[in-house]
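The values are calculated or read from the model by the stated rules, or taken from the named source; none is laboratory data. None of these values were measured; they are calculated from a predicted model. Note that each Cβ is placed from the backbone with ideal geometry, even for glycine, and that neighbours are counted across all protein chains shown. Just the protein is used for accessible areas: all its heavy atoms, side chains included, with ligands, DNA and RNA removed. Shrake-Rupley method; radii C 1.70, N 1.55, O 1.52, S 1.80 Å.
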Amino acid sequence: MNLHEYQAKEVFRKYGVPVPEGRVARSADEAVTAAEAIGGAVWVVKAQVHAGGRGKAGGVKLARDLAAVRAAAQGMLGQRLVTKQTGEEGLPINAVYVESGSEIAREIYLSLTLNREKGRIALIGSAAGGMDIEEVAEHTPEKIVTVNVHPAAGLQPYQCREMAFALGFSGAQIGEFQQIAMALYQLYLERDASLLEVNPLIVTKAGKLVALDAKINIDPNALFRQKDLAALRDVTQEDEMEVRASEHDLNYVSLDGDIACMVNGAGLAMATMDLIKLHGGSPANFLDVGGGATAERVTEAFQLILSNANVRAILVNIFGGIVRCDLIAEGIIIAAKKLGVKVPVVVRLQGTNAEKAREMLAGSGLALVPAADLTDAAKKVVALASKGKS
């Protein structure tokens, strides 16, 4: 689960990470009021969306008077911001963050995330921070410094100092950086984060370190421990179908293809999608109904995938270990009759009560296409989806 910048900065403040003064606004009038309360002569108006690359997309505006603050807020609110990370549809801008202007001498990139290769939390920094950090990672990775943290020892002061030297800090800045890094590490652990990112961490002209941006991603599996953060979830920033799926304990991710997949088990789902691609098709979604699938959950899964107008065929691929195949068949029949499914449905069932399930499907009177194995199922569904295009 992602937090907005204004939410993340409030968390940063609680952990002692220095951030500029700022206030959230949901109208142009509120934006002007926020700027007046902050004071000063320069403000920054930032679109609040769950995506990076806002500056290049016009989602960050500098304002040197209150009229400019109003104009910037009016130009953003109610619009959709399209960045490299959002796709063509973009994300809705329902709020802006009005922040005091900062005098920037240098920009640093800093983050904490899990290094899955090492099985350790990694503190990552680069002296080449700012809007082009992705290009730095791709073309000059040697400019990125990584410190892997031993889980038993935790982040050590000497590791912070080593990174501070590598990032070009000196004097009092080394102590400031150590304090910020240690605070972020504590935040990462205590709030069950999967990613903390500060881009940029700036050095002001006065030589102080300030987190000019803040990004916090929380591990969704740990939200039961983070109820205050879970309450900050903004579902308007998420895919509508993925939100619906989560309400029914379905693991769903929207994709750009036209073959809907309903599978039990994430690994089997990935293999199913790979085979569809191998045989010339394009998956419309990743959908794992889980090991405890019921007829009701299968019905909801059908409703979900059929709400995608691009779907031309459906592949149901179930291995009945924990879940019984006859229950899946019952759900398929109920869903097909209830929803009036008009696209071809290829069904491959193996495992517990598979024979009974096949008999149920055969006697349902529905136009369901049986498949002997996964390869057969993939070939059949790709052929049917292709026929639907003509």
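The overall shape of the range 75-135, judged from the alpha-carbon gyration tensor, is oblate: a/c is not under 1.5, and a/b is no greater than b/c. In whole percent, what relative contact order does the chain give with Cα contacts below 8 Å and a gap of six or more residues? Taking the mean separation of contacting Cα pairs over the length of the chain, I get 12 percent. In the chain, the DSSP beta bridges split such that about 75 percent are antiparallel, to the nearest 5. In a DSSP loop and with at most 12 other Cβ atoms within 10 Å, the trypsin sites (Lys or Arg not before Pro) in the range 325-390 are LYS342.
Based on DSSP H segments of at least four residues, each scored -39500 (n - 2.57), the chain has a per-residue ellipticity at 222 nm of -11500 deg cm²/dmol. Taking amide H atoms as placed 1.01 Å from N in the peptide plane, the amide H of ARG106 lies under 5 Å from those of VAL203, each 5 or more residues away in sequence or on another chain.
In a shell of Cβ-Cβ distance under 15 Å around GLU238, excluding GLU238 itself, what net charge do Lys and Arg (+1) and Asp and Glu (-1) give?
For residues surrounding GLU238, the net value is -3.
Here TYR15 and ALA367 are evaluated by their C-beta separation; at R0 = 56 Å the FRET efficiency comes out at 0.45. If the limit is 28 Å between Cα atoms, which of LYS56/LYS118; LYS56/LYS215; LYS14/LYS205; LYS356/LYS379 go over it? From the list (LYS56/LYS118; LYS56/LYS215; LYS14/LYS205; LYS356/LYS379), the Cα-Cα distance tops 28 Å for LYS56/LYS118. The radius of gyration of the Cα set in the range 1-140, together with its Dmax, comes out at 16.2, 51 angstrom. The phi-based Karplus calculation (6.51 cos²θ - 1.76 cosθ + 1.60; θ = phi - 60°) puts the 3J(HN,Hα) values of the range 144-156 at 9, 10, 10, 10, 8, 9, 5, x, 7, 8, x, 5, 9 Hz, whole numbers, x for Gly and Pro. Inverting the pair-averaged 1/r between distinct Cα atoms of the range 224-292 gives 13.3 Å as its Kirkwood hydrodynamic radius. Summing +1 for each Lys or Arg and -1 for each Asp or Glu among the other residues whose beta-carbon sits under 15 angstrom from that of GLN159 gives +2.
The P(r) of the range 303-372 has a tail past 17 Å containing 37 percent of all C-alpha pairs. Can you tell me how the range 1-65 classifies by the Cα gyration tensor, rounded, prolate or oblate, using a/c under 1.5 as the rounded cut? Oblate, since a/c reaches 1.5 and b/c is not below a/b.
Report the residues of the range 350-364 in range of a label on LYS337: point 7 Å along Cα→C-beta, backbone N strictly under 15 Å from it. Once the point is set 7 Å along Cα→Cβ of LYS337, 360-364 turn out to lie under 15 Å by backbone N, inside the range 350-364. Spin-label pair GLU138-ALA68: with each label point 7 Å from Cα along the Cα-Cβ axis, the two points sit 3.1 nm from one another. ASP274 contributes an accessible area of around 100 Å² to the protein surface, as traced by a 1.4 Å probe with all chains present.
Using heavy atoms of the protein chains and a probe of 1.4 Å, the accessible area assigned to THR83 is about 10 Å². If you take the square roots of the eigenvalues of the alpha-carbon gyration tensor of the range 233-390 and sort them as a ≥ b ≥ c, do you get rounded (a/c under 1.5), prolate (a/b over b/c) or oblate? Because its axes are fairly even, with a/c under 1.5, the range 233-390 counts as rounded.
Taking θ as phi - 60° and the Karplus parameters 6.51, -1.76 and 1.60, the scalar couplings of the range 77-90 work out to 4, x, 9, 10, 9, 10, 10, 4, 9, 9, x, 5, 6, x Hz in sequence order, x denoting glycine and proline. For the chain, carbon and sulfur atoms together expose 52% of the accessible surface, with a 1.4 angstrom probe and every protein chain in place.
Given a 1.4 Å probe and the protein chains as shown, LEU189 ends up with an accessible area of around 90 Å². Taking only the Cα atoms of the chain, the radius of gyration and Dmax are 25.3, 80 Å. Averaged per residue, the chain has 47 square angstrom of accessible surface, using a 1.4 angstrom probe with ligands and nucleic acids left out. I need the helices of the chain that pass two filters: whole DSSP H segments spanning 24 Å or more by Cα along the axis, and mean Kyte-Doolittle score no lower than -0.5. Helix filter hits for the chain: 172-190.
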